[in-house]
1. Could you list, in sequence order, the residues of the stretch 71-90 that are more than 13 Å from the ligand (Cβ to nearest atom) and surrounded by fewer than 17 Cβ atoms within 10 Å (Cβ to Cβ)?
2. If we keep just the residues of the stretch 109-128 that are open to solvent by less than 60 Å² (accessible area, probe 1.4 Å) and in a helix (DSSP H, G or I), which is farthest from the ligand (Cβ to nearest atom)?
3. Just the residues that are touching a helix residue (DSSP H, G or I) at 6+ places or on another chain (Cβ under 7 Å) and open to solvent by 50 Å² or more (accessible area, probe 1.4 Å), please, taken from the stretch 167-180.
4. For residues in the stretch 212-238 being outside any strand (DSSP E or B) and open to solvent by 80 Å² or more (accessible area, probe 1.4 Å), which is farthest from MET169 (Cα to Cα)?
5. Quick check: anything in the stretch 29-38 surrounded by fewer than 16 Cβ atoms within 10 Å (Cβ to Cβ), closer than 15 Å to MET63 by Cβ and within 16 Å of the ligand (Cβ to nearest atom)?
6. Quick one: GLY176 ticks every box in (1) farther than 16 Å from THR159 by Cβ; (2) in contact with a strand residue (DSSP E or B) (Cβ under 8 Å, 6 or more places away or on another chain); (3) of a type outside the set (Asp, Glu) bar one, so which box is it?
7. Identify all residues within the stretch 181-211 that are among the hydrophobic types (A, V, I, L, M, F, W, C) and open to solvent by 40 Å² or more (accessible area, probe 1.4 Å); write none if there are none.
8. Do we find that GLY144 is away from the ligand (no atom under 16 Å from the Cβ), open to solvent by 30 Å² or more (accessible area, probe 1.4 Å) and of a type outside the set (A, V, I, L, M, F, W, C) in this structure?
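The values are calculated or read from the model by the stated rules, or taken from the named source; none is laboratory data. Fair warning: this is a prediction, and the values are worked out from it, not measured in the lab. A quick note on method: Cβ atoms are made from the backbone with ideal geometry, for glycine too, and the neighbour counts reach across all protein chains shown. To get the accessible areas, we keep the full protein, side chains included, count just its heavy atoms, and leave off ligands, DNA and RNA. Shrake-Rupley method; radii C 1.70, N 1.55, O 1.52, S 1.80 Å.
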Amino acid sequence: MRIKTVRFGLIGAGGIGQIRAQALKGLKDCLLTAITDVNKEQARAIAATFSTKIRLFDDYRQMLASDDVDAIIVSTPPQFHEQITVSALEAGKHVLCEKPLSNSVDACRRMVEASRTTGKTLATGFNHRYFPAIQFVKHTLDSGQIGELDHVRAFAGHTGLSEFKAPWMYDKQIMGGGALMDNGIHIIDLTRYLLGEVDEVFGIATCNIWKLDRAEDNGFALMRSPQGKTAVLHATWSEWKG
Ligand SMILES: NC(=O)c1ccc[n+]([C@@H]2O[C@H](COP(=O)([O-])OP(=O)(O)OC[C@H]3O[C@@H](n4cnc5c(N)ncnc54)[C@H](O)[C@@H]3O)[C@@H](O)[C@H]2O)c1
């Protein structure tokens, strides 16, 4: 069966948006056909690295109205994720929205609901699942080769504010949190991927190092699955990167 080529539009051509755009170049059956960014120079520069035709839009709403796009990648800062994603789903597009999906649980629920009612796919940018090392762990566990997983111990960290290129990246109002929303979100996702769903969570968030307003520089979580499997997670902005 011939698979239809999926035509992607990129909204937000910054750091991760550019990585997503370059990744599409290597994918069969996927094509980047449109870009929009409030920084038009940046959008133009990314489009110029493609040998295929890329349409540049002044505004994301114009892109959503276009029939030339089947799926959207939302890689703007998080405060725009909900509005853009819900509009895209309602315009009949599938969406890959960067993490964090949004900066509040309610907003995330509205986005998931929009995906359900429109029947369009909504995915989050949890790319760590696809790292070869994680795929190896997942396949090994699923094969039963090493027996049953008992618990997960996960760490994600970097040095903190010196790591960020813009203040919104550690602004609670925009990100919805601190280290746990920044890099901790990936190990939370990986824990659920490897351990299964969790239904009990205990946590502590501290702001002692960078002293930001409600954006924790260290977040500690203890989780348990309905089968009694445990995970202990630490996300930090006060250690070496890794
Ligand atoms: N999955 C990952 O591993 C990963 C890694 C880095 C960042 N991210 C996430 O990706 C998102 C973007 O982060 P980034 O590091 O690329 O930021 P960035 O600042 O480098 O890029 C954001 C881009 O969005 C553009 N933009 C802002 N508002 C817009 C709007 N309304 N319409 C169109 N364009 C708009 C900006 O001009 C900028 O070019 C964040 O949610 C971040 O948490 C995910």
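1. If the condition is that a residue be more than 13 Å from the ligand (Cβ to nearest atom) and surrounded by fewer than 17 Cβ atoms within 10 Å (Cβ to Cβ), then GLU90 is the only one that fits.
2. Taking the candidates together, the pick is THR118.
3. Hits for the stretch 167-180 are TRP168, TYR170.
4. So the residue we want is GLN227.
5. Within the stretch 29-38, one or more residues are surrounded by fewer than 16 Cβ atoms within 10 Å (Cβ to Cβ), closer than 15 Å to MET63 by Cβ and within 16 Å of the ligand (Cβ to nearest atom).
6. (2)
7. Those that are among the hydrophobic types (A, V, I, L, M, F, W, C) and open to solvent by 40 Å² or more (accessible area, probe 1.4 Å): MET181, ILE188, LEU194, VAL201, PHE202, ILE204, ALA205, CYS207, ILE209, TRP210.
8. So GLY144 fits the description; yes.
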